Amino acid sequence: QVQLVESGGGLVQPGGSLRLSCAASGSIFSISAIGWYREAPGKQRELVATVSKEGVIKYADSMRGRFTISRDNGKNTVDLQMNSLKPEDTAVYYCRLDGPLRRYWGQGTQVTVSS
């Protein structure tokens, strides 16, 4: 069984930064893809960034250059450093792990970008 716990969300002004972290339980972290998704009010959940078990990183176009994803297989964590935040980045951010047999989601953490 895998549990994902996100942390680091909050309220930040436009242009500011936040760092999200996701901690995973269980033993399949190192053999799984892991990533961040977000869901804004009234919109579908969308990809933010992912990193494969081989370390290949993928970003959504609107986040590339502003967000940085990193994983630590020794700690079973994946972080998302978000810089130059915009009001349109306001959303609930979810961690997702794609294991060998199934997919797991965290409970989400709210990020609000507002002055």
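Among DSSP bridges having both ends in segment 1-73, what percentage is antiparallel? Round to the nearest 5. Antiparallel: roughly 90 percent of the beta bridges in segment 1-73.
Here the label points at residue 103 and residue 30, each 7 Å from Cα along the C-beta direction, are separated by 2.6 nm in the simple model. Using equal-weight Cα scatterers in the Debye expression, the normalised intensity of segment 1-41 in log10 at q = 0.29 Å⁻¹ is -1.15. How high is the FRET efficiency between residue 17 and residue 43 when r is their beta carbon distance and R₀ equals 25 Å, given to the nearest 0.05? Given R0 = 25 Å and the Cβ-Cβ separation, E is 0.65. Normalised per residue, the accessible area of segment 47-115 is 52 Å², obtained with a 1.4 Å probe and no contribution from ligands, DNA or RNA. Pairs of Lys residues in segment 28-115 that lie 8 or more places apart, or on two chains, and have C-alpha atoms under 25 angstrom apart add up to 5.
Can you give the FRET efficiency for residue 1 and residue 70, using 1/(1 + (r/R0)^6), R0 = 25 Å, r = Cβ-Cβ distance, to the nearest 0.05? That pair, residue 1 with residue 70, gives E of 0.50. The share of accessible area on the chain that comes from carbon and sulfur is 48 percent, using a 1.4 angstrom probe.
Set the Förster distance to 25 Å, then compute FRET efficiency between residue 83 and residue 52 from the Cβ-Cβ distance, nearest 0.05. Efficiency, from the Cβ-Cβ distance: 0.60.
Percent of Cα pairs in the chain per distance bin of 10 Å, from zero to the largest separation: 15, 50, 28, 6, 0. Considering only trypsin sites (Lys or Arg not before Pro) in DSSP loops that have at most 10 other Cβ atoms within 10 Å, the longest stretch of the chain without any of them is 44-101.
The values are calculated or read from the model by the stated rules, or taken from the named source; none is laboratory data. None of the values given here were measured: they were computed from a predicted structure. Cβ atoms come from the backbone with ideal geometry, glycine included; neighbour counts cover every protein chain shown. Heavy atoms of the whole protein, side chains included, go into the accessibility calculation; ligands, DNA and RNA do not. Shrake-Rupley method; radii C 1.70, N 1.55, O 1.52, S 1.80 Å.
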